[in-house]
Structures are given as C-alpha cells and as structure tokens.
Amino acid sequence: MYSDRMSTPDRLIEATQELLWERGYVGTSPKAIQQQAGAGQGSMYHHFTGKPDLARAAITRTAAQLRDTAEQLLGGPGTAQERLSAYLLREREVLRGCPVGRLTMDPDVMASDELRAPVDETLAWLRGRLAGIIQEGVEQGEFAPGIVPEEIAAAIVATVQGGYVLARASGSPAAFDAAVAGLLALLTSRHPAV
C-alpha cells in the first residue's frame, strides 16, 4: 500500500488518516494502525507518544489536505460563481463522507480539545474563505445585494456536510448531488432571498 520511500512516520500518519475516516477514533486501534502501516509497535512509539499524538498528526494532515483541495478550486480562475460551482461540483468520495466532517460525529474527537482544534479551525477557515468569495460576488453584481456572506458560507458548508449524511443514509450519491444542485440553483438566482 505504501511506497518504500515513504518514511515510517508518514506511513503511520497515512494509515491513521484512513482508519479514522473508516472507523472513527475508538475503532482505530494502535494494532490496526501498525498493521495497515506495516510498522511495528516500537516504531510507532518511537515516533509518537501514543494514539492521541498520532491521531492529532493524522487529523492535522487530513485538515491541511482538505484546505489545499478547496483552495485549488476556490483560489482558481473565474468569477465568484464559477469558483463556488467548481468547489461544489468537485469529485468526492461521497459515500465515505467528508474526512473532516465525519470527525465532528466522533465523541472522542470532540471531547478532546487537541483533536477537535484542527477540525474546528478547518471548518472555520472554509466558512471564511467562502464568505470572502461571496463578498467578491456581491461586489461584482453576481449575487443579490444585501445578502450576508457569512450566512451564505455557513449554508454552503452545512449543505455539503448534510449532503454527505443524506448520501450515506440512502447508500447513493444522488442525495448529495441533489443537495448541491439545489444550492447552486439558489446561488445563481438573483432573488434577494438567496
């Protein structure tokens, strides 16, 4: 699964990322991490003080990857509307859910300030980045004047995260696609109640 050139700490972090996404914190045992990473117990504890330390590194990396992916689309060329559409329509593993958003449903992650922090910071960054683009769109006349960019940004994040939940519940990405299509229809409407 991992290349020979990947360092042991990187293999451990990547294995933990995958397992947290699939199983959550409680379901991710040190033994499962070691097996998936192809690393021994000694290697794990040589590089990390324990499961919480490794989980923090994995969550931080997952959050950074989400920000990088979003920024490639949100910071790309085009109008505000085009960049928002590119973000909403990007390829996703819908039935797996959001690797960051799913962590908000994990009581052990949410109970730990250290594990929760990168999740909260990433979602706050995303809302702020979206609000900035929406503000640009208002200034360029793409969106109705008088809307509150922070509220629309929160609605976008809530729709995407809720779309994942609907898709997972139904076992079909169609529910996610419908949520995104509905949101895009609202965003392209010039009606003041966007």
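Results, tabulated for the structure shown:
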{"item": "Selection status of residue 59, modelled with pLDDT under 95, open to solvent by less than 30 Å² (accessible area, probe 1.4 Å), closer than 24 Å to residue 119 by Cα and among the hydrophobic types (A, V, I, L, M, F, W, C)", "result": "no"}
{"item": "Meets criteria (among the aliphatic types (A, V, I, L, M) and under 19 Å from the mean Cα position of the chain (by Cα)) for residue 26", "result": "no"}
{"item": "Among residues of region 74-96, those that are hydroxyl-bearing (Ser, Thr, Tyr) and either open to solvent by 30 Å² or more (accessible area, probe 1.4 Å) or at pLDDT below 95 (or both), counted", "result": "1"}
{"item": "Hits in region 2-47 (condition: out of contact with any Phe, Trp or Tyr (no Cβ under 8 Å at 6 or more places or on another chain), part of a loop (DSSP other than H, G, I, E, B) and open to solvent by 20 Å² or more (accessible area, probe 1.4 Å))", "result": "2, 3, 4, 5, 6, 7, 25, 26, 27, 29, 40"}
{"item": "Residue pairs meeting the criteria (Cβ under 9 Å; at least 6 apart or on separate chains; first more than 13 Å from residue 8 (Cα to Cα), in region 41-61; second surrounded by fewer than 16 Cβ atoms within 10 Å (Cβ to Cβ) and among the basic types (Lys, Arg))", "result": "none"}
{"item": "Residue 70 vs. criteria part of a helix (DSSP H, G or I), aliphatic (A, V, I, L, M) and free of Cβ contacts under 8 Å to residues at least 24 places away in the same chain", "result": "no"}
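To keep it simple, each residue is scored yes or no on (1) more than 13 Å from the chain's Cα centre (by Cα); (2) surrounded by 15 or more Cβ atoms within 10 Å (Cβ to Cβ); (3) at positive phi.
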| residue | (1), (2), (3) |
| --- | --- |
| 98 | no, yes, no |
| 109 | yes, yes, no |
| 117 | yes, no, no |
| 127 | no, yes, no |
| 140 | yes, no, no |
| 148 | yes, no, no |
| 164 | no, yes, no |
| 174 | yes, no, no |
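The values are calculated or read from the model by the stated rules, or taken from the named source; none is laboratory data. No experiment lies behind these values; they were computed from the predicted model shown. So basically every Cβ, Gly included, is an ideal-geometry build from the backbone, and we count neighbours across all protein chains shown. Surface accessibility is based on the protein's heavy atoms, side chains included, excluding ligands, DNA and RNA. Shrake-Rupley method; radii C 1.70, N 1.55, O 1.52, S 1.80 Å.
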